[in-house]
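Notes follow once the structure below has been shown.
Readers should treat all values here as calculations from the given coordinates under stated rules, not as data from a laboratory. These figures come from a predicted structure and were not determined experimentally. Please note: Cβ atoms are built from the backbone with ideal geometry, for glycine as well, and neighbour counts cover all protein chains shown.
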Amino acid sequence: MTDKVEKKEKRQVLISPEGFLMFPFLTHACTSFDEKGVYKTDLVVAPSDMAVQKFLKGIQEFLKKHMPKGGHVPYKKQVDEAGEETGNYVVSFKSQFKPGIFDVRNNEFPPEIIVGAGSKAKVAYVLNFYKGFGGGVNLYLQAVQIIDLVEYRGKSAESFGFTAEESQEAPEANPAEEAANKKTDDGDGNLPF
């Protein structure tokens, strides 16, 4: 029992450097690969930032401490649509539990606001190592602090390829024609159609 208590005490909540969110599922869980649902986000960070270098090095040191022979890390180099490296890293965070979402003044976000991709943020996380599947480190998502919000609004008509069209105005209705064309029940239950 003492081992479990010591392990829990060592699980410290850490804060990532600032980055840009990719594929954030923060207000509702993603069920694409897990029917129970997973809250997750990727964070794009620039390794030229000293805080990012320290962050990535901390993950590597945690891995070496628990798995000296190495294992999986929760980040990779970012590539663009053409398959070219951008120079940035993409770091993955996930949890089975809904994370807290806060603004720059530490106020909770209203539940109706959905944080979208491209939002600038910091992520609160807990380092965890695992032995299965070759072993490695994963980052348990705890909370997100939004620095610059890009609100998710769904796809626009233009994103589906629609363009604005000139519409023809509907003709005005003529009350006399409407009355002549209107058919009603004649009282015997038989409708005239």
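Residues of the stretch 37-57 with amide nitrogen under 20 Å from the 7 Å Cα-to-Cβ point of L14? The answer is 40-57, whose backbone nitrogens lie closer than 20 Å to the label point. Of the trypsin sites (Lys or Arg not before Pro) found in the stretch 86-150, those that fall in a DSSP loop while having at most 13 other beta-carbon atoms within 10 Å are R105, K131. Electrostatic bookkeeping for C30 treats Lys and Arg as +1 and Asp and Glu as -1; over the other residues with beta carbon under 13 Å from its beta carbon, the sum is +1. Electrostatic bookkeeping for F20 treats Lys and Arg as +1 and Asp and Glu as -1; over the other residues with beta carbon under 13 Å from its beta carbon, the sum is -2. Taking one quarter of the surface of the C-alpha convex hull of the stretch 102-163 gives a mean projected area of 6.9 nm². The H on the amide N of G116, modeled in the peptide plane, is under 5 Å from the matching H of V150, E151, Y152, each at least 5 residues off or on a different chain. 3J(HN,Hα) along the stretch 147-153, derived from phi through the Karplus expression 6.51 cos²θ - 1.76 cosθ + 1.60 where θ = phi - 60°, amounts to 8, 9, 7, 10, 7, 6, 10 Hz, with x in place of Gly and Pro. Under a 5 Å amide H cut-off, with hydrogens placed 1.01 Å from N, N88 pairs with Q78 among residues at least 5 apart or on other chains. A protection proxy built from the mean count of other Cβ atoms within 10 Å ranks the segments 33-46, 80-93, most packed first, as 33-46, 80-93.
Relative to the current alpha-carbon distance between E165 and H66, full extension at 0.36 nm per residue lengthens the span by 29.5 nm.
Using a cut-off of 30 Å between Cα atoms, the listed pairs K36/K57; K57/K131; K54/K94; K69/K120; K36/K69; K57/K98 include K36/K57; K69/K120; K36/K69 as exceeding that distance.
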